[in-house]
Amino acid sequence: MTDLSYLPARRLADRIKRRELTATEALQTYLDRIAKHNPALNAVVSLNADRAFDAARAADATAAPTGALHGVPMTLKDAHDVAGLRTTIGTEVFDRMPSTDGTVAARLRAAGAIIVGHSNVPPFLADYRSENPIFGRTTNPWDAERTPGGSSGGATAALAAGLTPVEVGSDLAGSLRLPPHFCGVYGLKATENRIPTTGFFRPPDGLPPSVRILGSLGPLARDLADLELVLRIISGPTRPTRTCPRCRCLADATGHCPSYGSRWRRPCRAPPWPRACGARWSAWPRPPPTRVRRSNRGCPTWTGASRRSSAR
């Protein structure tokens, strides 16, 4: 397609870098398309055009491109913290205005992307359709009587309809697999922890995260090259988040748990957790030794402390 709204993100960025197109013009094209098609789709929510235009004008004024997505407008799933952009996760429980970017939003902005709004999700990202009491129901761009899936349904519907060139979704039970299949776009569930989840599905202050394992983030795009590009931008380790194995709350940078102090850092002779994505996993606390059955003696995680416990 020759339509600018269906141009791959990498080619759109190249045209902006070569001054064949301004970031402001690219943004206006996408906003016009959102205004035309989003009332029927309800895929894009919490739109903030004024901040987006400020970022686009700043991109046009810069002497050198800022990154691989220089001047590219895009949406982001409504579970990523974006500074100054309303984030709800589909429920009033999480409805807030973040003051800082999450890791994914920060890395995309550092690469030059302009985040114009969020894409719709079900409450708590816990449904196979994207409908919530705050913004309503998202429809499939191919058939308004059908669902785009969930929980990344708003993101994939926006992609298929040309309302955004790329997106970043999440997956715990199929949210990066089912919606792309329903909408005819590409999605990739990355290996757990390959993409940092800091600032994603952030619980209210003072509460521990509700999901700590199995979930992962991943890119969404209309072609494989854009999928790989976004994955490279948002992947990579960040400062490890220490988690208390007793109460599962987040400890601070020194490993101090607000409930148990430093007592949770008990020594354990179990093998270290596997390395992933070059992260220095030695900084993470290891789980404390636990009682195991005699039938588990062949397990490689069997520790001396466990042997002594089971021998009693």
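Shape of the stretch 74-223 from its Cα gyration tensor (a ≥ b ≥ c, root eigenvalues): rounded if a/c is under 1.5, otherwise prolate when a/b > b/c, or oblate? Rounded, because the longest to shortest axis ratio a/c is under 1.5. For the peptides 77-89, 151-163, the ranking by mean Cβ contacts within 10 Å, running from highest to lowest, is 151-163, 77-89.
Beta bridges from DSSP with both residues in the stretch 4-234: antiparallel share about 75 percent, rounded to the nearest 5. The packing ranking, built from the mean of other Cβ atoms within 10 Å per residue, places the peptides 227-234, 66-73 in the order 66-73, 227-234, highest first.
Based on C-alpha pairs under 8 angstrom that are at least 6 apart in sequence, the stretch 4-234 has a relative contact order of 21 percent.
Residues Leu108, Leu4 in ascending order of nearby Cβ atoms (within 10 Å, fewest first): Leu4, Leu108. Just to be sure I understand: of the beta bridges DSSP finds with both ends in the stretch 1-140, what percent are antiparallel, rounded to 5? Antiparallel bridges make up about 55 percent of those DSSP assigns within the stretch 1-140.
Which of the lysines could a cross-linker bridge to Lys36, judged by Cα under 24 Å and excluding same-chain residues fewer than eight apart? Those lysines meeting the cut-off are Lys77. Here the simple spin-label model places points 7 Å from the Cα toward Cβ, and for Thr91 and Glu25 these points are separated by 4.6 nm.
Each reported figure results from applying straightforward, stated rules to the coordinates on display, with no laboratory input. Computed from a predicted model, the values in this text were never measured in an experiment. With ideal geometry, Cβ positions are generated from the backbone for all residues, glycine too; neighbour counts draw on all protein chains shown.
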